[in-house]
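Readers should treat all values here as calculations from the given coordinates under stated rules, not as data from a laboratory. These numbers come from a predicted model, not from an experiment. Cβ coordinates were reconstructed from backbone atoms using ideal geometry, including for glycine residues, and neighbour counts include every protein chain displayed.
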Amino acid sequence: MGRGQLILIEGLDRSGKSTQSGILSERLPGGKLIKFPDRSTKVGSIINEYLTNSELNLSDQTAHLLFSANRWELADSIVNDLNKGHFIVMDRYIYSGIAYSLAKSRFSNDSSPEMASIDWLYSPDKGLPKPDLTIFLTLSLEELSNRKGWGEERYEKENFQKSVKNCFLEVLNADNDASVHIIDVNNLNIDQVTAKIWDLIEQKNLNKQTENSIERFT
Ligand code: DGP
């Protein structure tokens with residue numbers, strides 16, 4: 001028996017990533033949605049506290065490793081569900097992990113060498129299941145500035161988001177990794193973005209089970 005496919009939707013805050021992940025997970029057979037960070041786990045509850053309470057001070061390295069640990073908390077159940085035939089859509093994953101930490105180090109005056117090193121930032125995620133498809137929803141900086149409603153959480157500041165965008169594009173490796181696709185969502189409504197994503201899924205046969213083994217990040 002084959003397994004389900006693992007699909008990741010990454011994107012900037014306000015790119016429509018969570019909406020699209022939800023729609024896609026309902027459209028795929030036996031679809032399940034996983035949102036990272038998953039704030040319902042033990043590690044996730046510390047992350048939630050970190051994001052919402054500016055008085056909780058954690059070193060940057062600690063925060064980075066917690067986000068990775070949160071992905072590891074779910075790794076076995078992701079693999080088990082795929083092997084049972086479920087299709088899994090993830091809203092954020094390791095690229096958010098690297099891009100936000102890297103952007104943070106570039107924004108800070110006293111960043112450590114670890115936080116500026118993509119190698120260091122990537123290493124705790126090595127071994128995690130690799131998505132069969134990664135989609136990055138991107139916006140122009142102009143459109144990003146126009147989208148209103150930045151919240152109160154730690155990372156939701158406009159200039160910071162611009163830096164996050166550059167970091168994402170740096171770490172996604174879209175030119176060398178055929179499983180990574182960048183979709184520009186400027187001036188597109190929800191249905192138009194949904195259609196673009198679905199076209200890609202069909203074109204790559206990702207709405208059908210596969211016999212391929214699950215890859216891991218190396
Ligand atoms: P969200 O629940 O998707 O709004 O994410 C909460 C915030 O945390 C958001 O500003 C992006 C940031 N974030 C998400 N994943 C990671 C991660 O793995 N590492 C870091 N440093 N930040 C992350």
At 0.36 nm per residue, minus the direct Cα-Cα distance, what do Phe107 and Ala69 gain on full extension? Give it in nm, one decimal, please. 11.3 nm
Taking the dipole about the Cα centre of the chain, with the C-beta of Lys and Arg at +1 and of Asp and Glu at -1, give me whichever of Ser123, Val185, Ser21 is farthest to the positive side. Ser21
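Treating only the Cβ of Lys, Arg, Asp and Glu as charged (+1, +1, -1, -1), what charge dipole size does the chain show about its Cα centre? Round to the nearest 20 debye. Before the final figure, lay out the partial values.
Numbers: 25 positive and 31 negative charges, 75 e Å.
Roughly 360 debye for the chain.
I need the shape label for region 11-105. Rule: rounded when a/c is under 1.5, else prolate if a/b > b/c, else oblate, with a, b, c from the alpha carbon gyration tensor.
Details: a/c = 2.25, a/b = 1.65, b/c = 1.36.
Prolate shape, in that a/c is at least 1.5 and a/b is the bigger ratio.
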Roughly what % antiparallel, to the nearest 5, for the DSSP beta bridges in the chain? 10 percent
Quick one: if you stick a label point 7 Å off each Cα along the C-beta vector at Ser145 and Asn176, how many nm between them? 3.4 nm
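Let me know the shape class of region 72-211, please: from the alpha-carbon gyration tensor, a ≥ b ≥ c as square roots of the eigenvalues, rounded when a/c is under 1.5, otherwise prolate if a/b is greater than b/c, or oblate. Show your work: numbers first, answer last.
On the way: a/c = 2.02, a/b = 1.24, b/c = 1.63.
Taking the square roots of the gyration eigenvalues as a ≥ b ≥ c, region 72-211 is oblate.
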Which of the lysines could a cross-linker span from Lys157 if the Cα-Cα distance has to be under 17 Å and same-chain partners fewer than 8 positions apart are dropped? Lys104, Lys148, Lys165
